[in-house]
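Bear in mind that the values in this text are calculations on the coordinates, not laboratory data. Worth saying up front: this structure is predicted, and the values here are computed from it rather than measured. Heads up, the Cβs are rebuilt from the backbone with ideal geometry, glycines too, and the neighbour counts pull from every protein chain shown.
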Amino acid sequence: MRMCTALLATFVGVCVAPMAAAEDSRHFEVIGVNPADGTSYAGDVLMQKTGETYRLEWSLGGKRITGTAIGDGQHLAVTTERGMALYRADGPGFERIWTSEGGFKRGTEQWVAW
């Protein structure tokens with residue numbers, strides 16, 4: 001997992017664009033498709049600036065998932081206790097592809113800013 005995270009960091013770059021003070025914390029509505037079984041899910045995510053990284057906390061159907069991200073303002077590389085993801089900016093939100101740890105398929109997810 002650490003090797004994959006390092007490769008993702010190299011791929012998207014480790015230079016984080018500075019966020020304005022008002023953007024140190026942002027909320028997004030989330031919809032996605034689970035790669036394991038194709039089921040859909042919805043919830044929200046909080047993205048908080050933590051130095052040169054971001055802390056992410058998803059709330060999905062009563063479950064909490066946390067992660068860490070690095071990025072350049074247009075792309076994010078994310079790792080969680082469940083897997084890894086790549087995001088790209090899409091208007092006021094983000095679009096992502098992701099997989100579970102040891103997974104063979106990828107899921108999708110969209111974030112829309114509140």
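Counted residue by residue at 0.36 nm each, then reduced by the alpha carbon distance between them, the extension gain from N34 to S59 reaches 7.5 nm. Ranked by the mean number of other Cβ atoms within 10 Å of their residues, highest first, the peptides 48-59, 85-96 fall in the order 85-96, 48-59.
Applying 1/(1 + (r/R0)^6) with r as the Cβ-Cβ distance of L46 and R106 and R0 = 25 angstrom yields a FRET efficiency of 0.60.
A simple count of charges around F94, restricted to other residues whose Cβ falls under 11 Å of its Cβ and scoring Lys, Arg +1 and Asp, Glu -1, yields 0. For region 81-88, 3J(HN,Hα) computed residue by residue from phi via the Karplus equation (6.51, -1.76, 1.60; θ = phi - 60°) reads 5, 9, x, 9, 8, 10, 10, 9 Hz, glycine and proline entered as x.
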